[in-house]
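Just so it is clear, none of the values below were taken in a lab; they were calculated from the coordinates. Worth saying up front: this structure is predicted, and the values here are computed from it rather than measured. Cβ atoms come from the backbone with ideal geometry, glycine included; neighbour counts cover every protein chain shown.
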Amino acid sequence: MDKQRILITGANRGIGFELTRQFLKDNSQIFATCRNPERADVLNELARKHPDRVTVLQMDVNDEASIIAAAKAVTGKIDSLDLLINNAGIGGDEAGHILGQLTAGEVSHVIETNAVAPLIVTQAFRDLLKRGNNPRVVMISSGMGSLQRAGGSSYAYRMSKAAMNMAARVLAFDSAMNGITTVTMNPGWVQTDMGGPSASLKPEESGDALRALINRLSPADNGMFFQYDGSELPW
């Protein structure tokens with residue numbers, strides 16, 4: 001396919017790093033963002049190997065000034081963006097998961113990071129996306145954000161991903177986003193720092209499937225919630 005211009009948040013580890021690695025197979029130009037680039041050793045090594053195709057940028061998704069600065073930096077390098085992958089997120093700790101130990105601060109922090117931040121990031125890059133080729137916004141969500149599949153515990157994480165899903169649905173039908181396809185995707189249970197070593201999928205398995213799914217997205221998919229294998233998930 002044609003060379004894509006892509007921005008991936010939280011690209012220094014886990015699914016974000018794997019997606020950065022996967023999209024290099026497509027000869028894409030990738031802006032890989034993370035909160036602390038100076039500590040992103042593996043990502044920086046990848047950028048050194050592909051200096052013309054991977055640009056590492058500082059962006060703290062919980063800091064609006066940082067988001068705006070990153071958008072200005074990208075705008076200074078390219079005139080359009082084809083794909084925004086809102087991947088950055090956190091799992092939270094027990095103060096946001098277990099009834100009896102919940103704190104408002106921790107629950108709010110997880111929701112802000114996982115749901116509010118990707119909405120603000122999308123807003124910041126909307127103008128670049130408007131000028132993109134088949135522009136798409138992909139929210140990396142979770143099956144735990146499905147209301148129909150909800151179980152007990154993990155309050156903050158489940159609530160945050162459900163809120164992310166709603167943000168994506170609203171974006172999909174907002175006239176200000178006309179021409180931009182917005183979807184949510186569940187990468188599956190992946191062997192990352194968040195998923196743990198017992199998870200059923202290796203990062204490269206999930207990443208390869210996600211890349212294939214993202215590459216075949218069209219406006220007809222706007223507002224959908226997908227499993228990494230392309231099947232539809234219930235809201």
- Message: Please report the projected area of segment 48-178's Cα convex hull averaged over all directions, in nm².
- Response: 9.5 nm²
- Task: Using a Gaussian network model of the chain whose springs link C-alpha atoms within less than 10 Å, name the residue from Ala69, Ala167, Ala115 with the highest mean-square fluctuation.
- Result: Ala69
- Only loop residues by DSSP count here, and only those with at most 16 other Cβ atoms within 10 Å; note down the trypsin sites (Lys or Arg not before Pro) in segment 103-149 that meet that. Arg131, Arg149
- Taking the simple approach of a point 7 Å from Cα along Cα-to-Cβ for both Val170 and Asn133, what is their distance in nm? 3.3 nm
- Pairs of Cα atoms under 8 Å, at least six residues apart: use those to get the relative contact order of segment 5-227, whole percent. 19 percent
- Query: Taking only the alpha carbons of segment 138-235, what extent do you get along each of the three principal axes, in Å, biggest first?
  - Reply: 42, 29, 19
- Output the pairs from Lys3/Lys25; Lys3/Lys77; Lys49/Lys130 with a Cα-Cα distance over 21 Å in this structure; if there are none, say none. Lys49/Lys130
- Message: Per DSSP helix of 4 or more residues, -39500 (n - 2.57); summed, then divided by the residues of the chain. What does that give at 222 nm, rounded to the nearest 500?
- Response: -11000 deg cm²/dmol
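If each residue of separation counts as 0.36 nm, what is the full-extension length gain between Ile68 and Ala220 once their alpha-carbon separation is subtracted?
On the way: separation 152, 0.36 × 152 = 54.72 nm, distance 3.02 nm.
In short, 51.7 nm is gained.
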- Can you give the % of DSSP beta bridges in the chain that are antiparallel, to the nearest 5? 5 percent
- Task: Compute the distance in nm between two label points, each set 7 Å from the Cα along the Cα-to-Cβ direction, one at Gln148 and one at Asp52.
- Result: 4.8 nm
- Message: In Å and on Cα atoms, what radius of gyration and Dmax does the chain show?
- Response: 16.6, 52
- Between the alpha-carbon centers of segment 152-196 and segment 1-72, tell me the distance in whole angstrom. 20 Å
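What does the highest-first list of 8-21, 180-193, 35-48 look like by mean Cβ count within 10 Å?
On the way: 8-21: 25.4, 180-193: 21.5, 35-48: 14.4.
My ranking of the peptides, most packed first, is 8-21, 180-193, 35-48.
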- Task: Would you mind working out the magnitude of the charge dipole of the chain relative to its Cα centre, with +1 at each Lys and Arg C-beta and -1 at each Asp and Glu C-beta, to the nearest 20 Debye?
- Result: 480 debye
